[in-house]
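Down below is the structure, laid out as structure tokens.
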Amino acid sequence: MSDGPGTSRAPAGPPVLSLALASLLEEVHAHSGAVYLLGPGEPVLEMAVMAGMPRAFAAPWERVGLSAPIPVADAARERRLVWVGGEEEMARRYPRISVVLPYPFALAAAPVATEHTVYGALFVTWPGAHPPELADWEREHLTAACDRLALRLERAAREDRAVGHEPDVLAAPVPGVAGTLGSVEAARMVSRLPYGLISLDLHGRIGFANTAAAELLGRPAGELLGTLPWVSVPWLNDPVYEDRYRAALLSQQVTSFVALRPPGEWLSFRMYPGTTGLSVRISRARAVAEMAHGTAQAGPGPSRLVTISQVLSLAGALTEAVGVQDVVQLVWDEVAPAVGSQALVLLRAQGGRLHVLGHRGYPSARVVERFDGLPLSERTPGTHALNSGVPAFFDSREQLERLYPDRQESPDGFAAWAYLPLIASGRPVGTCVLAYARPHSFPADERAVLTSLGGLIAQALERAVLYDAKHRLAHGLQQALLPHSLAPPPGIEAAARYLPATHGMEIGGDFYDLVPTRPLAAAVIGDVQGHNVTAAGLMGQIRTGVRAYTTVGQAPHEVMSSTNRLLIDLGADLFASCLYLRLDPSRGRAVMARAGHPPPLLRRPDGRVRVLDLAGGPLLGIDAAAVYPTTEVSLTPGSVLLLYTDGLVESPGVDIEDALVELGALLADVGHQPLESLADEVVRHSAAARERVDDVAVLLLRASDG
């Protein structure tokens, strides 16, 4: 690989890169992208032009090393097209990008190179709704565009013309749209609407605001135009709200949030993204506002021979298996019907013996007990197939008994069998036994297909065994990091629940704790980014830090500031939300500090529920100088505090406002129950908790008479 031409801050001639990138985005229906050029004499890629998105979104990667673990570097270094089909794949393959841009979108990166010279690379992104695979026509357009651009750069190098940084390409304004939205009548129509409308450009700046929006935001329209809402509106100055704008713009999906306009009015914001910016509808969140003020309301058989297309389909199905039981179920759902089998047993070789991993189709578990614990040295069809690596096929019971007359077994009612050795990476993993209800001949072509399927099953099983081992390790780590029991002081009852996300390794960064410091106590709940061992480990460090700062007597705002500095000093590049409470049951009060965490719910003894309006600071891990103001709340005996992480209320297609309303209504109706029962009810009735897209942590506190 040779270095490409040098880059210059002052390009000569027409904007080669901008035109090529804009044309490519239109051809493949992508909504953003960038072109990188290889620096002169150094293995560094430098962003030369970006289109469709503010450059700030890609600021950490404006200049990256050729060996950096990001898609454009991989594309340039390995001279291949890199495809990342979605949020989960990005988190798995490129966690550094996922940490900064944890939103649903698809990305393709491709090298800009001729046969002998690599000039750089480019990437383009699609909304999160893009299919998980890159279409052939998209791949062809990407490759052709990169080839054309490489030829232009090669020609420019021969002619000694500089090609370098060019102005970024953002969406052009719609012709005729001005302050009146194109016509006086259109402006009049919008001004008459009972809810607020604002328009944000790609940078988040307000380009239009109707009268209702100005009134709801509490600022004259003239002072809003050209500003960022989280800068010009003080009570929107929270990283959480800016994050919603970024999520909407990058994923091109509708997003929403609720915010409290002081002193006590909740507003609902719904963002509708497009390639030119965002339209935002603002309305009063009446139901949440009522809660905040304390007035919540309550055939034919399968073919014997599997075709090549079926093998490919089965191979694809087996790649979806995660754990061992997933493999067993997929073999039963996909492989057994395709080959006409009526029962199966999946066996694993371990410690010189065969062990049953799972079975389907047998009349009872006792029938397969003969396989479990079978020494590999014993002469049976299953051990022979595994030891020799050669599959065994028996057309009938008579054939099986003739070859293995000493075979002891319970009658299973089947008449033919296939014993497939599972060999992965050159070593035996186990055996798959397929049983047939009637005598079944195995022609050569069918035997070849079954043998191939055995290899696919072996690879899936090997991955699954490793995954299950990692899962057990992760689960043990998670259990070790969360408190085994809660020890509240006199006057406080407590109950907690934790549910890991069902995606990934079922381990996450949500945490909670109750620290007794008689006669006071401290409660904390928080959420570290991610669903992996790194997030869980960092969660453990944060929880330990909070306990230490609490034990030495720091005030709530000092605990939050100290924990914030600890997270930054650890250099983990992860953020965390947190809610910290200092409880004083003897005086019936709690002092709270908040770092970008969802507000708690308070149920009074008379059943009224309100969303607590808490002062707060930014997420932990962002600004070492951040301050975290406190709010004091009265806790009369019988009051219940519900602390939770966002996994309890956030799920795709559900407005946070609606989720909070439902949560408040539930708390009002059943908040009198014992806390353990109430914790179960809260988790059971949460749609987000049922879907388990994110981790869920719940901490319930009740003030008692002592």
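The values are calculated or read from the model by the stated rules, or taken from the named source; none is laboratory data. Note that the coordinates shown come from a computational prediction; the quantities given were computed from them, not determined experimentally. In this analysis, Cβ positions are derived from the backbone assuming ideal geometry, glycine residues included, and neighbour counts consider all displayed protein chains. What goes into the accessible areas is simple: the full protein's heavy atoms, side chains included, and nothing from ligands, DNA or RNA. Shrake-Rupley method; radii C 1.70, N 1.55, O 1.52, S 1.80 Å.
Key figures for this structure:
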| quantity | calculated |
| --- | --- |
| Point-to-point label distance, MET189-ARG284, nm (Cα→Cβ direction, 7 Å offset) | 2.6 |
| Separation in nanometres of the label points that stand 7 Å from Cα toward Cβ, at VAL254 and ALA625 | 4.2 |
| Per residue solvent-accessible surface (Å²) - the chain, probe of 1.4 Å | 43 |
| Segment 31-159: relative contact order in percent, alpha carbon pairs under 8 Å with at least 6 residues between | 23 |
| If the convex hull is drawn through the Cα atoms of the chain, its volume per residue in Å³ | 214 |
| For the chain, calculated [θ]222 nm from helices alone, where every DSSP H run of n ≥ 4 adds -39500 (n - 2.57) | -10500 deg cm²/dmol |
| Residue-level accessible surface for ARG80, protein heavy atoms, 1.4 Å, Å² | 90 |
| Heavy atoms of ILE656 accessible to a 1.4 Å probe, total area in Å² rounded to 10 | 30 |
| Computed accessible area, ARG397, all protein chains, 1.4 angstrom probe, square angstrom | 60 |
| Which of VAL670, VAL112 is most accessible, then next, and so on - probe 1.4 Å | VAL670, VAL112 |
| Pair ASP468, ALA144: separation of 7 Å Cα→Cβ label points (nm) | 4.9 |
| Per-residue HN-Hα couplings for segment 228-245 [Karplus 6.51, -1.76, 1.60; θ = phi - 60°; Hz; x = Gly/Pro] | 8, x, 7, 10, 7, 10, x, 7, 9, 7, 9, x, 4, 6, 5, 4, 5, 5 |
| Solvent-accessible area, 1.4 Å probe, carbon plus sulfur percent, for the chain | 54 |
| Segment 205-267: GluC sites (Glu not before Pro) in DSSP coil with no more than 15 other Cβ atoms inside 10 Å | none |
| Two-decimal log10 I(q)/I(0) for segment 11-52, as the Debye equation yields it once each C-alpha is a single scatterer, q = 0.23, 0.25, 0.32 Å⁻¹ | -0.79, -0.86, -1.06 |
